[in-house]
Amino acid sequence: MSDLLTTYDAWLSDDGPAALVIREHLMPVEGRDGVLFPATFAAGDNFAGGYNIDGAMEAENICLIDTVGSQANRIEPIFANPKYAALVPQVVVTAGEGANKKEYRLLEAGHRAGDALVRCSALQQELQTAFKELLKGNAEPLAKIAPTSLVFGVWDSRDTQAKLPRLVTSAIRAFNVRKLTRSAQFVPAASYVEEGLLDEPPDKGAKDRYAERGFIHVPASASHGGVIANGGVRRDATLSLAALRLLKAGNDQGKTQALERYILGLALTAFTHPSAFVGYLRQGCNLVLDPEKPREFVKVYPDGRREPADVSHGSAVEYAQAAAKAFNVGRNRTVAFDKERAKQDVAGDDDKKKRRGKKTGAGEAQTANEAPTS
């Protein structure tokens, strides 16, 4: 067991690699020239909405297929699976009553340990204390509650402002894409108006309601039709060992070593998961490895050296299990969402805005009353 625990200690030393990098070439299941559907985004900040494509369509461009955040949300929930569940505390928040009662796993919360779901539960004070300890340089209390927040990043933006970067990042992009459009036509089962089954709609509003409910023909023209990636599709993933080495358990060297090994074990488990980042992403986007283009898995050192890294998923899990046992994983628990805490949380946020508003107003008044200078 002790030999297993020291397997990657060289990576945790100050002269160790800066990061592990995986680069995989992907393609749609239909083939390299198959159509794939990227993620779509809402309009805003001078962005018209739709696919995120940087560069001119008639020249070189890069299309974002799956974001860093989306990738993290796909992989983090694996730690709820029986194979990995013992590696992390299983924290569940219940909300609602009776038939409406639901369970939510912390592993699926969008903002992880900083999410409103857990902030407004019986874990509120414990998490606040853990975040305050994090600000002091002690990540151990947070690792006992929500260790994947240390792997995939967390920001307690609504309270202490404690923030940790992602150790594991991954994104999928397509290169030199050709954007396609598609059109469709909905044909109702019967000609409701023509056959006298419904009255002629008296105005546009009524006609729109007919369309929404499927009573009249509805054309859909030139909507998003996916892309063809002439330059290929690639996943780039990084495990930042330099950032991991910044995690400490205060000034206790023994606890710090146990903490860093534990978080490295979780990060390697996520990083090497065989189906974590590829496969079915969304309708029209089912990606597989390109068998003719080699997969790159390297250690990258501060001086730029790149050396092959050979870590199988099985060996990563074995190491994670040993490191988790040595660290003494936090306990599983189920807590209830507290409606009153949520009300207080909202009220507190309103109070902060009011205080900021008063400070801004006072500053503006002071500026207005200042005498002009020569």
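Quick note: the coordinates plus some simple rules give every number you see, no bench work behind them. Here the structure is a predicted model, which is why all the values come from computation and not from measurement. For neighbour counting, all protein chains shown are included, and Cβ atoms are generated from backbone atoms with ideal geometry for every residue, glycine included.
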Beyond a 32 Å Cα-Cα separation, which of these cross-linked pairs lie in this structure: Lys102/Lys132; Lys83/Lys343; Lys255/Lys339; Lys204/Lys343?
Lys83/Lys343; Lys255/Lys339; Lys204/Lys343
Averaged over all viewing directions, the convex hull of the alpha carbons in segment 1-64 casts a projected area in nm² of 9.4
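First select every other residue whose beta carbon is under 9 angstrom from the beta carbon of Val227; then total the charges, Lys and Arg +1, Asp and Glu -1.
Taking every Cβ under 9 Å from that of Val227, the sum is +2.
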Counting residues in segment 4-155 as N, plug N into 2.2 N^0.38 Å and put the Cα Rg over that result.
1.37
Cα extents of the chain along the principal axes, largest first, in whole Å, come to 81, 70, 68
Amide H to amide H, which residues 5 or more places from Leu287 or on other chains are under 5 Å from it, using H placed in the peptide plane?
Gly279, Tyr280, Leu281
How much length would be gained if the chain were fully extended between Ala59 and Ala211, taking 0.36 nm per residue of separation minus their Cα-Cα distance, in nm to one decimal?
50.8 nm
Inter-probe distance in nm under a simple model that places probes 7 Å from Cα toward Cβ, at Glu108 and Asp252
3.4
Computed from every Cα-Cα pair in segment 49-88, P(r) in 5 Å bins starting at 0 and rounded to whole percents is 6, 18, 16, 15, 11, 9, 7, 9, 6, 3, 0
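Would you tally the net charge around Ala109, using a Cβ to Cβ cut-off of less than 14 Å, leaving Ala109 out, and scoring K and R as +1, D and E as -1? Don't skip to the end; give the middle numbers.
Numbers: positive: Lys102, Arg105, Arg112, Arg119, Arg158; negative: Glu76, Glu103, Glu108, Asp115, Asp156.
Here the charged neighbours net out to 0.
Compute the normalised compactness of segment 111-207: alpha-carbon radius of gyration over 2.2 N^0.38 Å, N being the residue count. Before the final figure, lay out the partial values.
Working: Rg = 26.6 Å, N = 97, 2.2 N^0.38 = 12.5 Å.
After normalising by residue count via 2.2 N^0.38 Å, the value is 2.12.
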Can you return the aspartates and glutamates within cross-link range of Lys163? Criterion is Cα-Cα under 14 Å, with same-chain partners fewer than 8 residues away left out.
Asp115, Glu133
Projected label distance in nm at Lys136 and Val218, using a 7 Å step from Cα toward the beta-carbon
5.8
If R0 is 56 Å, what FRET efficiency do you get for Ala190 and Ala43 from their C-beta distance, rounded to 0.05?
0.95
For a quick check: sort Leu12, Leu266 by the number of other beta carbons within 10 angstrom, fewest at the front.
Leu12, Leu266
Once you keep just the Cα pairs under 8 angstrom separated by 6 or more residues, what percentage relative contact order results for the chain?
28
